[in-house]
Amino acid sequence: MGQVRKRYSAAFKSKVALEAAKQQKTVSDLAKEHQVHPVQIRLWKKQLLDGLEGLFEPVSASDRPDPDKLQAELYEQIGRLQMELAWVKKKLDG
């Protein structure tokens, strides 16, 4: 039987990664304390530090999707899917 992977919440990962970034305890100590493999803690710490740069970048209006355009595209897709469904139902009945 295969081993089931543990899943950690984002809050837990960020807490452990932040503790590792503070460097008040060694990664080995944190691993023992939180029962997580040291390599996993290093990966979370790297992910935290890599993501910090984007946190302070200004978000321009062009980066955000236009909600009206997005809604129109979604309605168009719904229409196409409904037409395809009707076609499939017609072919199954015929």
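Coordinate-derived values only; no laboratory data. Worth saying up front: this structure is predicted, and the values here are computed from it rather than measured. Backbone-built Cβ (ideal geometry, glycine too); neighbour counts: all protein chains shown.
For the chain, the tally of Lys pairs with Cα-Cα distances below 14 Å comes to 8, considering only residues 8 or more apart or on different chains. For the residues GLN23, GLN82, GLN40, a GNM of the chain with alpha-carbon springs under 10 Å puts the largest fluctuation on GLN82.
Among the chymotrypsin sites (Phe, Trp or Tyr not before Pro) within the stretch 1-67, those in coil by DSSP and having at most 15 neighbouring Cβ atoms inside 10 Å are TYR8, PHE56. Per-residue extension of 0.36 nm, minus the Cα-Cα distance of LEU70 and LYS6, leaves a gain of 19.4 nm for this segment. Computed extension gain for ARG42 through ASP29, at 0.36 nm per residue and net of the alpha carbon distance, reaches 3.4 nm. Listed options for Kirkwood radius over Cα pairs in Å are (1) 17.1; (2) 18.1; (3) 13.9. The value calculated from this structure is the one marked (2). The modelled label-to-label distance between ARG80 and LEU18, using points 7 Å beyond Cα along the C-beta direction, is 4.3 nm.
Could you compute the net charge surrounding VAL27? Neighbours are other residues with a C-beta less than 13 Å from the C-beta of VAL27; K and R count +1, D and E count -1. Net of charged neighbours comes to +3.
Quote the relative contact order of the chain in percent (integer), defining contacts as alpha-carbon pairs under 8 Å separated by 6+ residues.
Across the chain, relative contact order equals 20 percent.
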